[in-house]
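Right, one structure below, let's go through it.
The values are calculated or read from the model by the stated rules, or taken from the named source; none is laboratory data. If you're wondering where the values come from, they're calculated on a predicted model, not measured in any experiment. Cβ coordinates were reconstructed from backbone atoms using ideal geometry, including for glycine residues, and neighbour counts include every protein chain displayed.
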Amino acid sequence: MDGRITKIIDGDTVYFQSVGDNNYKKLRLVGIDAPELNQPFGQKSKQCLANLLNNRPVQIISFGEDRYKRTLAKLLIEEIDINLAMIREGCAWFYRRYKQTLNKNDQFMYDQAEILAIENKKGLFGNQEPEAPWVWRKKN
């Protein structure tokens, strides 16, 4: 489905409008988990996603809905996997808890991207011990 991102909520949640449709759809980027906005690196993660999207047209691949009725989606710009790019840039974690949603190739690519981001201290992995969002949410 082709369209555009109309609003970026945080590093893994956006609003999408498909071509020729006046309705908006809330999307949760599948396979990744980004810091919450009020968590360390949260605002930077949101900005990272904005920079990757750069107001360009996107294609979404839907993976169904999550428990909050958001569409789980992979964002593509000219065949570039933006979800994967978020991990590569150190702006999000590979969300292994829900890895079965992805195919084996994506699982491998997302896993390897996170390993390289950690090794190269990219983005949030430049911090001594970044706290994963799923841990942070339990505490807050």
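Here are some notes:
- Out of Q100, Q112, Q39, Q47, sole residue that is under 29 Å from K139 (Cα atoms) and either among the aliphatic types (A, V, I, L, M) or under 14 Å from the mean Cα position of the chain (by Cα) (or both): Q47
- Search result, residues across region 125-140 that are touching a residue at least 12 places away in the same chain (Cβ under 8 Å) and part of a helix (DSSP H, G or I): F125, G126, P133, W134, W136, R137
- Scan of region 47-64 for residues that are assigned to a helix (DSSP H, G or I) and under 19 Å from Q17 (Cβ atoms), ordered by number: L49, A50, L52, L53
- Filter result (over 15 Å from G11 (Cα atoms), buried (at least 21 other Cβ atoms within 10 Å of the Cβ) and of a type in the set (A, V, I, L, M)) within region 110-134: A113, A117
- Subset tally (residues that are in a helix (DSSP H, G or I) and without any contact (Cβ under 8 Å) to a residue 40 or more places away in the chain) for region 37-46: 3
- Selection within region 69-122 - touching a helix residue (DSSP H, G or I) at 6+ places or on another chain (Cβ under 7 Å), among the small types (G, A, S) and outside any loop (DSSP other than H, G, I, E, B): A85, A113, A117
- Taking residues in region 22-35 that are part of a loop (DSSP other than H, G, I, E, B), and partners anywhere that are among the basic types (K, R) and surrounded by fewer than 24 Cβ atoms within 10 Å (Cβ to Cβ), the pairs with Cβ atoms closer than 6 Å and at least 6 places apart or on different chains are V30/K74.
- Some residue of region 95-102 being closer than 14 Å to I8 by Cβ, crowded, with 17+ Cβ neighbours inside 10 Å and touching a residue at least 40 places away in the same chain (Cβ under 8 Å): no
- Residue in region 80-92 that is loosely packed, with under 15 Cβ neighbours inside 10 Å and modelled with pLDDT under 95 present: no
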